[in-house]
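The structure appears right after this line, and notes come after that.
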Amino acid sequence: MPAPSPPSPTGRGPGEDPLPEPPPPGSYSTLERLLLAPLRRLGGYLVRPAITTLAAARVHPNALSLSQIPLGFVVAILIVPFPRLALALFIGTLVLDFLDGELARARGLASNFGGLLDQVCDHVRELTVVGGLVAVGALRGEIGVAYAAAYPLANVLLYLADRFRTPLPFSVKTWMVYYPFLIAYLGWSLNLLDYAAAAAAAFLTLASAQALWRIRTKVAGPGL
């Protein structure tokens, strides 16, 4: 009788498909991943021609990430004279934030450094636009500062919680609370940004506290 085959490193038996790799760490809660997964699949299908063109032109995904920074400054400059153009460019930066990851995977260039650079460029763009809103008086300064502090902190802690395999089950993020009102302001001059940014800062701070607690508990072990 032949000896049984040793178990594979993936824990699957001979002839069985390997277990799917876990998704890379990200600044997402578990529910947020579930909600965004079908939208990401749809988005990946819609941008496939653009990804094919960019890959053929050998555009590096880090170039797309870095392009968000100057575009963020352009958005801030255009808030008063051309608000709808500012809105179009802001949405364009969000598209770039999606395209860089898709292009990295398509070209086999996905890396931890690329993911970190994407996060940094995203934060710089976000804080630049917030600074522009404060500068033109559309957003109160103290609220802008609170949001500017809470946004990167929450994203970093959510990323670390995900990396420690203890993601938050649910968190309220900027795209749920703040972005709809930013679109309303730039598109139709409806300014409720003080309330939206304050609420976003509060929810992000709550998410940061929960993520920090989960990370601490995970690191310290069950005896904490």
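Numbers below:
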{"quantity": "Cβ pairs under 8 Å, 6+ apart, first in the range 159-171 and under 19 Å from L117 (Cα atoms), second of a type in the set (F, W, Y) and surrounded by 16 or more Cβ atoms within 10 Å (Cβ to Cβ)", "calculated": "D162/Y28"}
{"quantity": "Residue satisfying all of: in the range 172-182; of a type outside the set (F, W, Y) and without any contact (Cβ under 8 Å) to a residue 60 or more places away in the chain; surrounded by the fewest Cβ atoms within 10 Å (Cβ to Cβ) among these", "calculated": "P180"}
{"quantity": "Residue ranges of helices (runs of 4 or more DSSP H) in the range 8-96 with at least 2 members in the same structural domain as V129 (by TED's automatic domain parsing), over 23 Å from the mean Cα position of the chain (by Cα) and modelled with pLDDT of 95 or more", "calculated": "61-78"}
{"quantity": "So L206, is it surrounded by fewer than 22 Cβ atoms within 10 Å (Cβ to Cβ), more than 14 Å from the chain's Cα centre (by Cα) and without any contact (Cβ under 8 Å) to a residue 40 or more places away in the chain", "calculated": "yes"}
{"quantity": "Among the residues listed as R48, R107, R84, R58, the single one being more than 27 Å from L204 (Cα to Cα) and in contact with a Pro (Cβ under 8 Å, 6 or more places away or on another chain)", "calculated": "R107"}
{"quantity": "Filter result (more than 16 Å from L85 (Cα to Cα), out of contact with any Ser or Thr (no Cβ under 8 Å at 6 or more places or on another chain), without any contact (Cβ under 8 Å) to a residue 60 or more places away in the chain and not in a loop (DSSP other than H, G, I, E, B)) within the range 187-203", "calculated": "D194, Y195, A196, A198, A199, A201, A202"}
{"quantity": "Flag for E142 being surrounded by 15 or more Cβ atoms within 10 Å (Cβ to Cβ) and of a type outside the set (S, T, Y)", "calculated": "no"}
{"quantity": "Criterion (exposed (fewer than 15 other Cβ atoms within 10 Å of the Cβ), closer than 27 Å to D194 by Cα and among the aliphatic types (A, V, I, L, M)) met by exactly one of A88, A57", "calculated": "A88"}
{"quantity": "Matching option when the condition is more than 19 Å from P81 (Cα to Cα) and part of a helix (DSSP H, G or I), among A184, A148", "calculated": "A148"}
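Conditions tested, residue by residue: (1) buried (at least 22 other Cβ atoms within 10 Å of the Cβ); (2) among the polar types (S, T, N, Q); (3) in the same structural domain as P83 (by TED's automatic domain parsing).
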| site | (1), (2), (3) |
| --- | --- |
| V124 | no, no, yes |
| V130 | yes, no, yes |
| A148 | no, no, no |
| L153 | no, no, no |
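The values are calculated or read from the model by the stated rules, or taken from the named source; none is laboratory data. Source: prediction; values computed, not measured. Note that each Cβ is placed from the backbone with ideal geometry, even for glycine, and that neighbours are counted across all protein chains shown.
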